[in-house]
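To start, the structure itself, in structure tokens.
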Amino acid sequence: MTSRLSYAVTRSTPLSRAAIWLGVLSAAVALSVPLWAPSSFMRWAVEVMCYLVLAQMWNLMAGYGGLLSVGQQAFVGIGGYALFVFAQHLGIHPFLAVPLGGLLAAVAAAATAPIVFRLRGGYFAVCTWVLAEVFRIAFSNVSALGGGSGQSLTVMARMDRPLRETGVYLIAAVVLILASLAINLMLRSRFGLGLTAVRDSEAAAESQGVDVRALKLQVYVLAAFGSGLVGAVYYMSVLRISPPAAFDINWVVAAVFIVVIGGIGTLEGPLIGAAIFFGLRWALADYGAWYWLIMGSVAVAVIVFFPKGIWGWVRNRWDLQLLPLQRRLIVRGR
Amino acid sequence: MLEIADVLVQGIMLGGLYALFAIGLSIAYGVMRLVNIAHGDFLVLASYLALTTIALSGLHPFLAIVPVAIAMFAIGYALQRWVLGRTMGSDGLAPLLATFGIAIILRNALLQIYSADARSLQIGSIATDSLSFGSISVGVFPLLVLLVSIGLTFAVSLLFDRTSIGIALRATSDDPETASLMGIRTGRTHAAALGLSFALVAVGGVFAGIRTTFTPDIGPASLLYAFEAVVIGGLGSLWGTFAGAVLLGVAQGIGAEIDAGAGVLAGHLVFLAVLVLRPTGLFARTR
């Protein structure tokens, strides 16, 4: 008696199909927020979405590209300042200046990559930080941009308040949705396969013909573009920028904690990490330094005991895959 | 002309202090490839430990270095043995991320305990005494820091080159698996390396606390100076690190002379220039 088996290779599972519909639904809900939410909620949501996109960018770079940057605040700051230069000084509509913020950050990343890429691993990390410091000091010395004390985005004040708030919110939501979508589609492409291979083993990826150096450069510039968008959107929302705030290491601290706690190198991780990050912040709002103390302790505990983060642990434990990134072999007996 | 000589001398002495910051970082990287992001925050911790030790015992800050160094050795040993050691292995990213979290914990714990007020360690008139060499005057305390820094660089080099602990440290650095086959307990050797790194951090922290005021959030700046000194000097060379620190100090001194606010920037730019022109550092020992 011969058993007849049929094979199929598939990426999607019932769970992943459900997750996609949930994603579509969330995107729709997110876009409808201005219709029903008060403006205080929208301001808060803009901040959450900015941190989430920044965390996604950092995750793409560190989790997939193996590039541990602690200097992403450079690109947040450049994106923010680009918004002020284009909107406040050159008279471009602030909403249209947002993509320019991303673009300028990407250009800055591409221009400085030859320097920071001379170092690897942990030394690369600290070098990106030095570079961010150089940018901070440089911007502090431009008196046209307010020098060390920064400046306000007064052009936004001319705009009708509901229009301004709705506009900023919708731009933030669109940036988040596009970033999520782009990362998902990208990881399924040739580029993403190469990147995942680099994540798992750089040497093996190289031997299979992946141009590791070019790939890393691309992912670095891409992450800078996303971080620049974040800077532009965030500072359009808070309406005031200064070098110490825009080039603050805490941007990276937040991104690292969100990604590491949620699960580095997973797409679902940053969502979980952001929920914990903002949940704890809400719960510990009155305790200042204690919030960062506890957040840091949680992050260190996760790194020591659950190196793949919360989502990584859940995924291994129950063999779950929410997003259709992995191919599975399905064998059916007849 | 005299002014230039003066700037150079002051820069070299500042470099002596940076060398104290940097040797510990160099050891941690040399032995276990650890880039300790919390290095600067532990330096600040040492300053505060000295502050509390002096307040409780009335010791002179120079003598307080001894108990603080012992405490810092213990902290470093325990941290490597029971926290960082568990994260080592697959790749170098996990230990670095752990130290990143530890830096935030430490900074905020210090803020909670000591508040954000600026503190300093007082050593009386030695802090302002100076010697005159011709028309260049040299502070007694900065000169002492420079001499201690040269002495410690020499002592640590001897430790690595001549003692059995040094041989164990180098062997673990070159090949941990083979070293453990030879009977070296790599876990403890790594822990001792971070302990040594932290004991040196204690010396740097106390001297830094005497030289300027400190607050809980100045750690990152010290980390960057230490890191720049190590990279300028070239990885794996202690005297290279010392030379890198001196070069950084001189660069900052010259920068500050040009514009009061440009000292740090000048240091960063010299670092980036070295990286572009000689990525392996100026005095790298090829290994």
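The values are calculated or read from the model by the stated rules, or taken from the named source; none is laboratory data. This structure is a prediction, so every number in the text was calculated from the model and none was measured. Heads up, the Cβs are rebuilt from the backbone with ideal geometry, glycines too, and the neighbour counts pull from every protein chain shown.
Data for the structure
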quantity	calculated
Search result, residues across the stretch B:1-35 that are within 22 Å of B:GLY187 (Cβ to Cβ) and over 11 Å from the mean Cα position of the chain (by Cα)	B:TYR29, B:GLY30, B:VAL31, B:MET32, B:ARG33, B:LEU34, B:VAL35
Residue count, the stretch A:298-310 (criterion: more than 8 Å from chain B (Cβ to nearest Cβ), assigned to a helix (DSSP H, G or I) and in contact (Cβ under 8 Å) with a residue 12 or more places away in the chain)	4
Identity of the residue in the stretch A:232-250, of a type outside the set (A, V, I, L, M, F, W, C) and more than 18 Å from A:GLY147 (Cα to Cα), that ends up surrounded by the fewest Cβ atoms within 10 Å (Cβ to Cβ)	A:ASN250
Candidate set: the stretch B:29-53, residues that are over 19 Å from B:ALA193 (Cβ atoms) and small (Gly, Ala, Ser); chosen: the one farthest from the other protein chains (Cβ to nearest Cβ)	B:ALA50
Verdict on B:ALA199 being buried (at least 22 other Cβ atoms within 10 Å of the Cβ), within 30 Å of A:GLY147 (Cα to Cα), small (Gly, Ala, Ser) and more than 14 Å from chain A (Cβ to nearest Cβ)	no
From the options A:LEU83, A:LEU68, A:LEU119, residue that is under 29 Å from B:PHE271 (Cβ atoms) and buried (at least 24 other Cβ atoms within 10 Å of the Cβ)	A:LEU68
Check on B:LEU63, in contact with a strand residue (DSSP E or B) (Cβ under 7 Å, 6 or more places away or on another chain), closer than 18 Å to B:ALA199 by Cα and away from chain A (no Cβ under 14 Å)	no
Test: residue in the stretch A:258-278 that is of a type in the set (Ser, Thr, Tyr) and touching a helix residue (DSSP H, G or I) at 6+ places or on another chain (Cβ under 7 Å)	yes
Among (1) within 14 Å of chain A (Cβ to nearest Cβ); (2) at pLDDT below 95; (3) surrounded by 15 or more Cβ atoms within 10 Å (Cβ to Cβ), the one test that B:GLY89 misses	(3)
Residue tally, condition in contact (Cβ under 8 Å) with a residue 40 or more places away in the chain and more than 18 Å from A:ILE249 (Cβ to Cβ), over the stretch B:59-105	24
Qualifying residue in the stretch A:288-297 (condition: at positive phi and assigned to a helix (DSSP H, G or I))	no
In the stretch B:69-86, the residues that are away from every other protein chain (no Cβ under 11 Å) and crowded, with 19+ Cβ neighbours inside 10 Å	B:ALA69, B:MET72, B:PHE73, B:ILE75, B:GLY76, B:TYR77, B:GLN80
Every residue from the stretch B:92-120 that is in contact with a helix residue (DSSP H, G or I) (Cβ under 8 Å, 6 or more places away or on another chain) and assigned to a loop (DSSP other than H, G, I, E, B)	B:GLY92, B:SER120
Pairs, first within 11 Å of another protein chain (Cβ to nearest Cβ) in the stretch B:106-124, second of a type in the set (Gly, Ala, Ser) and surrounded by 10 or more Cβ atoms within 10 Å (Cβ to Cβ), C-beta under 8 Å, six or more apart	B:LEU106/B:ALA38; B:LEU106/B:GLY219; B:ARG107/B:GLY219; B:ASN108/A:ALA289; B:ASN108/A:GLY296; B:ALA109/A:ALA289; B:LEU111/A:ALA289; B:GLN112/A:ALA289
Residues that are at positive phi and either among the polar types (S, T, N, Q) or surrounded by 24 or more Cβ atoms within 10 Å (Cβ to Cβ) (or both), drawn from the stretch A:251-287	A:GLY263
In the stretch A:118-139, the residues that are more than 8 Å from every other protein chain (Cβ to nearest Cβ) and touching a residue at least 12 places away in the same chain (Cβ under 8 Å)	A:PHE124, A:THR128, A:ALA132, A:PHE135, A:ARG136, A:PHE139
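Here's the yes/no breakdown for (1) in contact (Cβ under 8 Å) with a residue 24 or more places away in the chain; (2) surrounded by fewer than 21 Cβ atoms within 10 Å (Cβ to Cβ); (3) within 13 Å of chain A (Cβ to nearest Cβ):
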{"residue": "B:THR212", "(1), (2), (3)": "yes, yes, no"}
{"residue": "B:LEU223", "(1), (2), (3)": "yes, no, yes"}
{"residue": "B:ILE232", "(1), (2), (3)": "yes, no, yes"}
{"residue": "B:GLY253", "(1), (2), (3)": "yes, no, no"}
{"residue": "B:GLY263", "(1), (2), (3)": "no, yes, yes"}
{"residue": "B:VAL274", "(1), (2), (3)": "yes, no, yes"}
{"residue": "B:THR280", "(1), (2), (3)": "yes, yes, yes"}
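So that you can scan it fast, the table gives a plain yes or no per residue for (1) of a type in the set (Val, Ile, Thr); (2) modelled with pLDDT of 95 or more:
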position: B:LEU17; (1), (2): no, yes
position: B:SER26; (1), (2): no, no
position: B:VAL31; (1), (2): yes, no
position: B:ALA38; (1), (2): no, yes
position: B:LEU43; (1), (2): no, yes
position: B:PRO61; (1), (2): no, no
position: B:ILE65; (1), (2): yes, yes
position: B:ALA71; (1), (2): no, yes
position: B:ILE75; (1), (2): yes, yes
